[in-house]
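Every number here is computed from the coordinates shown, using simple stated rules; none is lab data. Keep in mind that this is a model prediction, so the values were computed, not measured. Because the Cβ atoms are built from the backbone with ideal geometry, glycine has one as well, and the counts that use them run over all protein chains shown.
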Amino acid sequence: MTRSRLLWTALVLVAAATAAGLWFRQPLQGASSRNGDPQAAGATATRGGDAPVSVITAKATTGDVPVRKRAIGFVETPASVVVKSRLDSQIMTQHFEDGQFVKAGDLLFTLDDRDLRVQLAKDQAALARDEATHARTQADLARNQQLLAKNAGTQQAVDQAIADEKSAAATVLADQATLQADTLKLSYARVTSPIDGRAGAVQVAAGNLVGANSAGTGLVTITQMKPIRVSFTLPEREVPMLQAALAAGKALTVTAKAPDSDRPPEQGTLNFVDSSVDTASGTIVAKAAFANDDLSLWPGQYVDVEVQADTLIKAVTVPTVAVQVGQKGSYVYVVKADDTVDLRQVKVALADGDRTVIAEGVADGERVVTDGQMRLKPGAKARERQSPATSAPAVKQDNLAQGGRS
């Protein structure tokens, strides 16, 4: 009785061990389908039979693809001028509004110029007086020269007349210089804009006293808005590309767009590359000029920058989602004419958003799988299914119909 009971217990233990082995082996096989090996994944998925695998495909296309380098930049103005008074005077009139766009030469402020006009009148009177004196000395010189010629005068008198005439002429020149200087000072009473740009907030209102070239706050700041430039940095590995463009005189196209703006990107031209690489960050500073006619770029604003470094001519592109990465590198599944799939190792030349440029492995017009790759293996049958994007309206309508029935 004891011997039969031991035999029965041994049989139960053997059966339990066999069941446990089968139970553990199935998850291990499933795990092999997730280790990135497309061969194992396809074998596991199709072990139950040769039924076609439902996939979504897209055609590889050929076209010219721009090579873009992306960076974060900020907008800076080429010129910003703090307008100050060049006279010790009082502001009489303000001729513009805060934030107004002005042109070079536009009148901004009028200062009190009454004392300068009085001084100018004095200068004009002094000039007239000294011009009369000069005319008298010229006449005296001529008279003394005539008397000397008739032996009725002396050489000493002639020499004195020459000295008096030259002294009077110099006095006239000094008066003219003083008159010009005071006329220039009088022009400073009309404060004009030195550049085209946008006026900031007025710092000193009409009625206040201002000092000549004071170190304090200026009257207003004029900021150039058109054209404008964007400064950004690129990794030092892009230096050869920039050097080649500058050496060839090639104008690289640069686009800039504010991250939250609905406006299309502004297009400009690269016009500056710094003379050295920043050793701390491993980057080089570059700048681009923009017309900014619609004022979409604002000084101090951060923008997304794209530099069109080159263009790949007649490049083969596929959707980025079609490219998978395995143990041997990048690959895609290509659906052949008989609806069987072929695993192709590919060489990726450029990945840009939702499109990837393939240098080797796929030809123009071939169909590549964009969804369902994990259930495929080389030689498996594939069946095209409708993309979720195109089937979404039907699902939405079906849901509405179900809601109406409920």
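Key figures
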item	result
Net charge over other residues, Cβ less than 10 angstrom from the Cβ of Val220 (K, R count +1; D, E count -1)	0
Cα-centred dipole magnitude for the stretch 113-188, charges only on beta-carbon of K, R (+1) and D, E (-1), debye, nearest 20	140 debye
Ala79 versus Gln345: modelled label distance in nm, points set 7 Å from Cα along the beta carbon direction	6.1 nm
Net +/- balance of residues flanking Gly282 in space, Cβ distance below 14 Å, scoring K and R +1, D and E -1	-3
Highest average packing first - 363-373, 93-103, Cβ atoms within 10 Å	363-373, 93-103
Sites Asp354 and Gln267 - FRET efficiency at Förster radius 22 Å, r taken between beta-carbons, to 0.05	0.50
Amide H contacts of Ala349 (H built 1.01 Å from N, under 5 Å, at least 5 apart or other chain)	Val357, Ile358, Ala359
For the stretch 83-89, 3J(HN,Hα) per residue [Karplus equation, 6.51 cos²θ - 1.76 cosθ + 1.60, θ = phi - 60°, Hz, x = Gly/Pro]	7, 10, 7, 9, 10, 8, 7
Backbone N under 16 Å from the Lys166 label point (7 Å along Cα→Cβ), restricted to the stretch 100-143	137-138, 141-142
Estimated vicinal HN-Hα couplings, Hz - the stretch 53-58 in sequence order (Karplus 6.51, -1.76, 1.60; Gly, Pro = x)	8, 6, 9, 10, 10, 8
Neighbourhood net charge (12 Å Cβ-Cβ; Lys/Arg +1, Asp/Glu -1) for Ala157	-2
Label-to-label distance, nm, for residues given as Leu107 and Gln176 (7 Å Cα→Cβ offset)	3.0 nm
Ranking of Tyr333, Tyr302 by count of other Cβ atoms within 10 Å, fewest first	Tyr302, Tyr333
Where labels lie 7 Å past Cα in the beta-carbon direction, separation of Asp274 and Asp364 in nm	4.3 nm
Cα-Cα P(r), the stretch 113-188, percent of pairs per 10 Å interval	21, 32, 22, 15, 8, 2
At R0 = 45 Å, FRET efficiency that the Cβ-Cβ distance of Asp196 and Val67 yields, to 0.05	0.80
